[in-house]
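The values are calculated or read from the model by the stated rules, or taken from the named source; none is laboratory data. What you are looking at is a predicted structure, and each value in this text was computed from that prediction instead of being measured. For neighbour counting, all protein chains shown are included, and Cβ atoms are generated from backbone atoms with ideal geometry for every residue, glycine included.
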Protein chains: 2
Amino acid sequence: MFMGEFALIQTVFAQRARALLEENPSAFVALGIGDDCALLNGLGSHEQLAISTDMFVEGTHFFAGTAPQDIGFKALAVNLSDLAAMGASPVGFTLALSLPTANQSFLTQFADGLFELAQQAQCPLIGGDTTRGPLNIAVTVFGRVDRTRVLRRDAAKAGQDLWVTGHLGGAALAVQQLYAGELPAAPSKQRLLRPQPRLAMGAALLSVANSALDLSDGLYGDLGHIARASQVDIEIDLALLPLDEILSSLPTDAANHLALCGGDDYELAFTADVQARDAIVSLGLQQGLRVTRIGHVRPAKIEPRVICLDSSGVPLSLEWHSTLSAYEHF
Amino acid sequence: MFMGEFALIQTVFAQRARALLEENPSAFVALGIGDDCALLNGLGSHEQLAISTDMFVEGTHFFAGTAPQDIGFKALAVNLSDLAAMGASPVGFTLALSLPTANQSFLTQFADGLFELAQQAQCPLIGGDTTRGPLNIAVTVFGRVDRTRVLRRDAAKAGQDLWVTGHLGGAALAVQQLYAGELPAAPSKQRLLRPQPRLAMGAALLSVANSALDLSDGLYGDLGHIARASQVDIEIDLALLPLDEILSSLPTDAANHLALCGGDDYELAFTADVQARDAIVSLGLQQGLRVTRIGHVRPAKIEPRVICLDSSGVPLSLEWHSTLSAYEHF
């Protein structure tokens, strides 16, 4: 393998990156791929730059044999989902890619999926590095957000409602089936491979919500981050969980378990004042995205924690909770 | 391997990252590790944010068996070197790390080298991701730079001098020796494993230089980037090359070849007006870093290219040039 082949890859990505920037000029990108660094123009004085990085590894984040388009799409999607969870709007991203061989067919398809979402999200590729090694994709994404309204994990307050976008558990069902050697149905596979970062909803929530995060490792484990950062208890009404319709044939307990512990949903969970209920429902209708009120923020009793309530609103036992564990990327 | 172990790694890095930020508070970092995104405050209106990303893979960028401290140091150093090459000052960096096992001893030592340089460069770790997979380190670094003076590759002008910092070829000798199964002498190994990003010099050059880049793949190949971006020819006087003293026992041709084609020097090459000569020499003296004038920028004759001159100032033949090739990371 010659250095030259990897330089060529870089050229191909750079050309597609430049084409995308030319079609969709950005006020923020002063210099894209081709120098020692990319350059972003300064943001407005009321804004902050939101930055997130995620590494995507075969066998850990996607099954061997996943279509390259889906790998490209999802590697960017999970990062954009982090922007959405802060309420930030995409400015651009960098891509560091290591590949065992300069496989042109893989690369073209990978780039197709990646740029499909980059175009959709108006998020240009502004820098990168390509090298020889085991398949590994590291994306770092940049967004801008109003500094006074940014949705941080430490901003949940007792008395607020807990909400979630979309439906839960569909992607986890696909993972469970793939593990068992079964072929997931198309809708379930789609949930796993093509998560839609909730960028428009995240940005709209800036005006009505306080804290938020995106669901990558499962609702129960992820809400623990908000509970600890905000020093509150979070109660989930299990009867209110918006279960993915794909789970309808499962027993309720099994479906709830996938919704609570399954990962890869990339929906947003957020907390908001009771007064914001009508506004949030309106936002959901406007955007054609289901929003469901599923619980409450309470003062922390002892250690901040997440508590599931049964259909009568009674907390489930500690034993029951101990069966829940955070999602382990397969 | 449980997810829990990797979550633990993240906690360890997050704690060290927070400690460093507390010891060295930054006006730019509004939120470090622990949320969906890190948040950077807006820069001054005259500034741009410089961003660079590099992936570091065992067997491609470092030999198997390299000390973890050295891997940690160099993974950040090569990225900081990109900031230096734009004249940018560090603001922070993100780290995405994949590891086969949560090896505590490796991690502690890796973090020691990484944070040693982070502290030295006042560049806090502001975000990250840790996952299971073949060893791979992706660093993305952020810096700020005066938008009117930033050192871009496309800013070289015919008539300018070509300069280089430090000494060349020392790291390449170590690579050559390691390939041959020999043990490099300590100074040569140090050049390879502990490159010093020229941040102070890069920042100082903003006021006197026009274009710059850092030398990662060898002087000859790297200068080709400036030649093409600026549409100029670049002449190198071989007799003026500041060869590393480690090369003194080699025949001149062999030493020149290492200096021209060997990589991993991470010195800065830059172009500046003739009027700036005295100022540049003064900068070198102030900073205790050798600066050497090694050539000239010329109008491009046909295709922009880099041309080596012999000791009489006569261009070497095309055949001679064809023996030069860009550095191939081993």
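Tabulated data for the structure shown
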{"quantity": "Within the range B:46-57, considering residues that are within 30 Å of residue A:212 (Cα to Cα) and in contact with a Lys or Arg (Cβ under 9 Å, 6 or more places away or on another chain), the one surrounded by the most Cβ atoms within 10 Å (Cβ to Cβ)", "calculated": "B:50"}
{"quantity": "Residue in the range A:312-328 that is on the phi > 0 side of the Ramachandran plot and aromatic (Phe, Trp, Tyr) present", "calculated": "no"}
{"quantity": "Conditions (1) at pLDDT below 95; (2) crowded, with 16+ Cβ neighbours inside 10 Å; (3) away from chain A (no Cβ under 14 Å); number of the one not met by residue B:252", "calculated": "(2)"}
{"quantity": "Out of A:329, A:296, A:257, sole residue that is in a loop (DSSP other than H, G, I, E, B) and either at pLDDT 95 or above or within 22 Å of the chain's Cα centre (by Cα) (or both)", "calculated": "A:329"}
{"quantity": "Any hit, the range A:4-23, residues being over 23 Å from residue A:131 (Cα atoms), modelled with pLDDT of 85 or more and of a type outside the set (A, V, I, L, M)", "calculated": "yes"}
{"quantity": "Meets criteria (touching a strand residue (DSSP E or B) at 6+ places or on another chain (Cβ under 7 Å) and assigned to a loop (DSSP other than H, G, I, E, B)) for residue B:265", "calculated": "yes"}
{"quantity": "Tally of residues being more than 9 Å from chain A (Cβ to nearest Cβ) and assigned to a strand (DSSP E or B) across the range B:112-127", "calculated": "1"}
{"quantity": "Meets criteria (in contact with a helix residue (DSSP H, G or I) (Cβ under 7 Å, 6 or more places away or on another chain) and surrounded by 15 or more Cβ atoms within 10 Å (Cβ to Cβ)) for residue A:289", "calculated": "yes"}
{"quantity": "Candidates A:307, A:236 - the one that is at pLDDT 95 or above, within 22 Å of residue A:171 (Cα to Cα) and more than 14 Å from every other protein chain (Cβ to nearest Cβ)", "calculated": "A:236"}
{"quantity": "The range B:136-149, residues that are surrounded by fewer than 24 Cβ atoms within 10 Å (Cβ to Cβ) and either within 26 Å of residue B:38 (Cβ to Cβ) or facing chain A (nearest Cβ under 8 Å) (or both)", "calculated": "B:144, B:146, B:147"}
{"quantity": "Filter pass, residue A:171 being out of contact with any strand residue (DSSP E or B) (no Cβ under 6 Å at 6 or more places or on another chain), assigned to a helix (DSSP H, G or I) and surrounded by fewer than 24 Cβ atoms within 10 Å (Cβ to Cβ)", "calculated": "no"}
{"quantity": "Odd one out for residue B:93, checked against (1) over 15 Å from residue B:194 (Cβ atoms); (2) surrounded by fewer than 24 Cβ atoms within 10 Å (Cβ to Cβ); (3) of a type in the set (Phe, Trp, Tyr)", "calculated": "(2)"}
{"quantity": "Filter pass, residue B:17 being in a strand (DSSP E or B) and not aromatic (Phe, Trp, Tyr)", "calculated": "no"}
{"quantity": "Single residue of the range B:128-159 satisfying the filter (among the charged types (D, E, K, R) and part of a strand (DSSP E or B)) that is nearest to residue B:230 (Cα to Cα)", "calculated": "B:146"}
{"quantity": "Filter result for the condition that a residue is under 28 Å from residue B:216 (Cβ atoms), in contact (Cβ under 8 Å) with a residue 60 or more places away in the chain and not in a strand (DSSP E or B), over B:40, B:49, B:83, B:97", "calculated": "B:83"}
{"quantity": "Yes/no for residue A:229 being surrounded by 16 or more Cβ atoms within 10 Å (Cβ to Cβ) and either farther than 26 Å from residue A:86 by Cα or of a type in the set (A, V, I, L, M, F, W, C) (or both)", "calculated": "yes"}
{"quantity": "Residues of the range A:37-73 satisfying the condition of being polar (S, T, N, Q) and closer than 30 Å to residue A:191 by Cβ", "calculated": "A:52, A:53, A:60, A:66, A:69"}
{"quantity": "Filter pass, residue B:156 being surrounded by fewer than 24 Cβ atoms within 10 Å (Cβ to Cβ) and more than 8 Å from chain A (Cβ to nearest Cβ)", "calculated": "no"}
{"quantity": "Single residue of the range A:5-37 satisfying the filter (within 12 Å of chain B (Cβ to nearest Cβ), closer than 30 Å to residue A:216 by Cβ and touching a helix residue (DSSP H, G or I) at 6+ places or on another chain (Cβ under 9 Å)) that is surrounded by the fewest Cβ atoms within 10 Å (Cβ to Cβ)", "calculated": "A:29"}
{"quantity": "So residue B:191, is it surrounded by 22 or more Cβ atoms within 10 Å (Cβ to Cβ), among the basic types (Lys, Arg), at pLDDT 95 or above and under 14 Å from the mean Cα position of the chain (by Cα)", "calculated": "no"}
{"quantity": "First in the range A:235-263 and closer than 17 Å to residue A:310 by Cα and acidic (Asp, Glu), second anywhere and at pLDDT 95 or above and crowded, with 16+ Cβ neighbours inside 10 Å, Cβ under 7 Å, 6 or more apart", "calculated": "A:235/A:295; A:235/A:296; A:235/A:298; A:235/A:307; A:235/A:309; A:237/A:294; A:237/A:295; A:237/A:309"}
{"quantity": "Test: residue in the range B:58-80 that is touching a Cys at 6+ places or on another chain (Cβ under 6 Å), closer than 20 Å to residue B:147 by Cα and either surrounded by 20 or more Cβ atoms within 10 Å (Cβ to Cβ) or among the charged types (D, E, K, R) (or both)", "calculated": "no"}
{"quantity": "Single residue of the range A:43-101 satisfying the filter (among the polar types (S, T, N, Q) and out of contact with any Leu (no Cβ under 9 Å at 6 or more places or on another chain)) that is farthest from the other protein chains (Cβ to nearest Cβ)", "calculated": "A:101"}
{"quantity": "Test: residue in the range B:128-136 that is over 24 Å from residue B:63 (Cα atoms) and at pLDDT 95 or above", "calculated": "no"}
{"quantity": "Residue check for residue B:312: exposed (fewer than 13 other Cβ atoms within 10 Å of the Cβ), of a type outside the set (Phe, Trp, Tyr) and out of contact with any strand residue (DSSP E or B) (no Cβ under 8 Å at 6 or more places or on another chain)", "calculated": "yes"}
